Structure formats: structure tokens, C-alpha cells
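Read through the structure below, which is laid out as C-alpha cells, and then see the notes.
Quick note: the coordinates plus some simple rules give every number you see, no bench work behind them. Predicted model, so just to flag it, every value in this text is computed and none were measured. Here Cβ is always computed from backbone atoms with ideal geometry, including for glycine, and neighbour counts include all displayed protein chains.
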Amino acid sequence: MPFWRQAVRQLFGWRNAAPGRMYGARWYRNFYLYIPRKNSKTTFLAGLILAIPMIEPEQGGQIWIAASTEEQAGILFDFAKKFVEGSPDLLLIYRVGAEELEHVETRTRIRFMSGAPKGKVGTGPSVLIIDEYQEQPNYKLLNKLRTGTGARKAPLTIICGTAGGEDESEDVPWITELKKA
């Protein structure tokens with residue numbers, strides 16, 4: 001679909017090439033994807049997750065998928081896992097575990113987690129995906145996980161979901177992030 005193609009171009013096509021950096025510096029560190037239900041968001045993100053270690057190879061990268069519940073985060077992970085399991089070519093590139101995918105060449109690991117902020121300090125995601133962000137009651141999860149991206153060369157945060165409730169107050173996390181976008 002044209003809008004998915006445009007999203008990928010915006011996200012990965014803009015670089016500030018710096019001397020000594022193979023891939024240049026990322027212009028965008030945040031990717032906001034608010035889209036109505038049933039527009040293939042999960043399918044798109046699953047493919048994107050699997051492509052990132054090839055588009056931007058980082059040794060020992062960590063791609064974390066979070067949502068308000070572990071079950072919700074697992075849905076996106078399971079889509080990516082099924083892509084790998086259904087493709088002989090991807091099975092050569094990825095090692096499949098019960099709760100982890102590993103890109104063999106870069107040792108980038110793809111995992112999912114619950115939306116509870118407790119216990120999230122110490123993660124160092126190179127890519128952070130928070131799915132169904134409109135269900136987050138506060139900023140705790142996003143803030144804790146974003147602090148872990150500081151050690152990465154080109155961290156990426158993907159915040160996605162559908163529109164939330166009609167609450168237009170200033171203290172609704174998804175509305176605040178949408179205004180930033």
C-alpha cells in the first residue's frame with residue numbers, strides 16, 4: 001500500500017551521513033503510527049521488525065515489543081515469528097525460540113514484555129515498540145524504556161495504536177505523544 005511505502009521511506013530514507021559512520025545518523029528517532037483498526041498495522045510492524053537488523057545492522061541489538069499487557073505484545077511478536085517459521089529463507093537468517101527471535105548475523109534479539117513499568121530498568125533497546133499506546137494509563141513504561149536507549153548509536157522508538165477515548169485533557173499519554181508527532 002502506498003502509505004506503508006511512504007512510512008518506510010520517511011523512517012529509513014533520511015540520513016545525515018557523518019564521517020566514519022556506515023549508515024549515517026538517523027534523522028527521526030520516533031515513529032508514530034496511529035491508524036484505524038484493520039489496516040494491517042500488525043502485519044506491517046512484524047515485517048518491519050524483521051527487516052531492521054538487515055537495514056541497520058547493529059551487533060547485539062535489542063528490539064523490544066511492549067504493550068499494556070504481555071499478551072498484547074505477544075500478538076505482534078507471534079506475527080513476526082510466524083513470518084520466520086513460514087519462510088525457508090528467513091529460517092536461514094533467524095534463530096527461533098519460544099519467546100525470542102535472534103538475527104543470526106548481528107545477534108540482534110527480538111523480544112516482548114508486559115506493559116508494567118516495574119522491572120524494565122536495565123533494558124537497552126536499540127528499537128522500542130509500544131503497541132496499542134492508547135491503552136497506557138501513564139508515561140511510566142515509555143519513560144523507563146526510553147532511558148535505556150541512551151547507549152545505542154541510532155535508537156528508534158515506535159509508538160503505535162488506534163485512536164483512544166475522547167478525553168482531550170493534557171495528561172493523556174497517547175494524546176501528548178500524538179501532539180508531538
Sequence-distant residues sharing a close amide H with Leu156 (under 5 Å, placed H):
Val127, Leu128
A chain fully extended from Lys140 to Lys153 at 0.36 nm per residue, minus the present Cα-Cα distance, gains in nm 2.3 nm
Mind listing the long-range amide H neighbours of Thr108? Cut-off is under 5 Å, sequence gap 5 or more, other chains count too, H placed in the peptide plane at 1.01 Å from N.
Gly60, Gly61, His103
How about segment 52-86: which chymotrypsin sites (Phe, Trp or Tyr not before Pro) there are in a DSSP loop, with at most 13 other Cβ atoms within 10 Å of their Cβ?
none
Label-point separation (nm) for Arg37 and Gln59, each offset 7 Å from Cα along Cα-to-Cβ?
4.6
